[in-house]
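Take a look at the structure below.
Laboratory data are not the source of any read-out in this text; all were calculated from the coordinates shown. If you're wondering where the values come from, they're calculated on a predicted model, not measured in any experiment. Cβ placement follows ideal geometry from the backbone for every residue including glycine, while neighbour counts extend to all protein chains displayed.
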Amino acid sequence: MKALRLTTLAIAVSGLIAGFASQQAAAQTVMRISVSTAQNSHQGVAIDTLAKEVEKRTNGRYKIQTFYSGSLGAEREAVEAVQLGTQELTWTSTGPIPNFVPEVKVFDVPFLFRDYAHARAVLDGPIGQEMLTKFDSKGLKALAWGENGFRHMTNNKRAINAPEDMKGLKMRTMENPVHIQAYKGFGIIPTPMAFTEVFTALQQGTVDGQENPLSVITANKFDQVQKYLTLTGHVYSPGVFLMNKATFDKLSAADKQAFLEAAKVAAKANRDRVDADEKSAVADLRSKGMQVVDNVDKSKYQTALAPVFADFEKQFGKATLDKIRAAK
């Protein structure tokens, strides 16, 4: 009789535990976030950190599944999916963003930022924070600025020692009108292409080269398909954490704050990884056979783009560009 009572009690307890676990599972909301590069990259660090921080700050009520290497689609496709609500989150460079939020184009003007400290001060300050609000009317919630980094030129044809060495090179570019206009100014034949297609295009010789930050070049093993690297640092490439606006709006005030705070922590981890990559990447790429031109006179490249800069001043306003250049 006693054994029967114990068995009954055990069944009741296990039922309660199972019911509690079921309630917990039901209470958990699963979301997805994606990047276009490998997990072991500055972008992978960004979304891994966001996922961990959101889960921690919401006591596990929100779980974010992470996807890498464009497995949910290239950057533009991922942003479209987040805008439509078929995907909750993504981290993207600003490459495709002007197709959704045209005002962001200004950040892609070549040689606009002096260095990483300047770029980060602009994005974290009033100019960058106001720009984040421009996403709201497009069905997107920009949680925080991330970082892709300063972009450099690689190719298989010849070493780029001066702007004229770029003439006639067929270069993959981001699907970004500012980049395309600037590279035409260098005499480059720009070839817009989703990032997920770049390695194969370089491997097959569809394009001669590409341009990306050191973090991207190393994480994606472009040394296997490119011979020459020149540290032009011609464009600073921000990144941004995006969330479907309707999904964000449905969160409680506390959960909204949790996502925003998690994004800030993730942005710092993202930038820290960029800093680490910047310190080690050149030596690593040289050891793998790339020829690196690191003594670059940027003033020559700026002079080569003088006609393009004149047009950018008309597009964006000289006062706007000067305000960004002067920010501290």
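Does any residue in the range 26-48 that is assigned to a helix (DSSP H, G or I) come within less than 7 Å, Cβ to Cβ, of a residue that is of a type in the set (Lys, Arg) and crowded, with 20+ Cβ neighbours inside 10 Å six or more places away or on a different chain, and which pairs are these?
HIS42/ARG273; VAL45/ARG273
Out of ASN244, ASN220, ASN270, ASN212, I need the residue that is in contact (Cβ under 8 Å) with a residue 40 or more places away in the chain, touching a His at 6+ places or on another chain (Cβ under 6 Å) and not hydrophobic (A, V, I, L, M, F, W, C). Which one?
One residue alone meets the criteria, ASN270.
Scanning for something out of contact with any strand residue (DSSP E or B) (no Cβ under 8 Å at 6 or more places or on another chain) and either within 16 Å of SER93 (Cβ to Cβ) or of a type in the set (Asp, Glu) (or both), does the range 54-67 turn up at least one residue?
no
Of all the helices (runs of 4 or more DSSP H) wholly in the range 212-292, which have at least 2 residues that are surrounded by 23 or more Cβ atoms within 10 Å (Cβ to Cβ)?
So the answer is 214-219, 253-287.
Report the residue count in the range 194-207 for those that are surrounded by 16 or more Cβ atoms within 10 Å (Cβ to Cβ) and either part of a loop (DSSP other than H, G, I, E, B) or free of Cβ contacts under 8 Å to residues at least 24 places away in the same chain (or both).
Summing the residues that are surrounded by 16 or more Cβ atoms within 10 Å (Cβ to Cβ) and either part of a loop (DSSP other than H, G, I, E, B) or free of Cβ contacts under 8 Å to residues at least 24 places away in the same chain (or both) in the range 194-207 gives 2.
Quick check on THR191: is it over 26 Å from VAL45 (Cα atoms) and in a strand (DSSP E or B)? Before the answer, list the steps.
Details: over 26 Å from VAL45 (Cα atoms): yes; in a strand (DSSP E or B): yes.
Criteria met by THR191.
Could you tell me whether ALA117 is free of Cβ contacts under 8 Å to residues at least 40 places away in the same chain and within 27 Å of ARG325 (Cα to Cα)? Quick ask: steps written out before the conclusion?
Working: free of Cβ contacts under 8 Å to residues at least 40 places away in the same chain: yes; within 27 Å of ARG325 (Cα to Cα): yes.
Yes, satisfied.
Which of the following residues is over 24 Å from the mean Cα position of the chain (by Cα) and of a type in the set (Asp, Glu): ASP294, ASP277?
On the way: ASP277 fails: over 24 Å from the mean Cα position of the chain (by Cα).
Checking each option against the conditions leaves just ASP294.
Going by the structure shown, is SER71 buried (at least 19 other Cβ atoms within 10 Å of the Cβ), in contact with a strand residue (DSSP E or B) (Cβ under 8 Å, 6 or more places away or on another chain), among the hydroxyl-bearing types (Ser, Thr, Tyr) and not in a helix (DSSP H, G or I)?
no
Just checking, does the range 55-63 include any residue being over 17 Å from the mean Cα position of the chain (by Cα), in a loop (DSSP other than H, G, I, E, B) and surrounded by 18 or more Cβ atoms within 10 Å (Cβ to Cβ)?
Within the range 55-63 (the criterion being over 17 Å from the mean Cα position of the chain (by Cα), in a loop (DSSP other than H, G, I, E, B) and surrounded by 18 or more Cβ atoms within 10 Å (Cβ to Cβ)), the answer is yes, since at least one residue qualifies.
So which residues in the range 173-187 are in contact with a Leu (Cβ under 8 Å, 6 or more places away or on another chain) and surrounded by 23 or more Cβ atoms within 10 Å (Cβ to Cβ)?
Matches in the range 173-187: ALA182, PHE186.
When GLN302 is evaluated against the numbered criteria (1) surrounded by fewer than 20 Cβ atoms within 10 Å (Cβ to Cβ); (2) farther than 30 Å from ASN156 by Cβ; (3) in contact with a Phe, Trp or Tyr (Cβ under 7 Å, 6 or more places away or on another chain), which criterion, by number, is the only one it fails?
Failed condition: (2).
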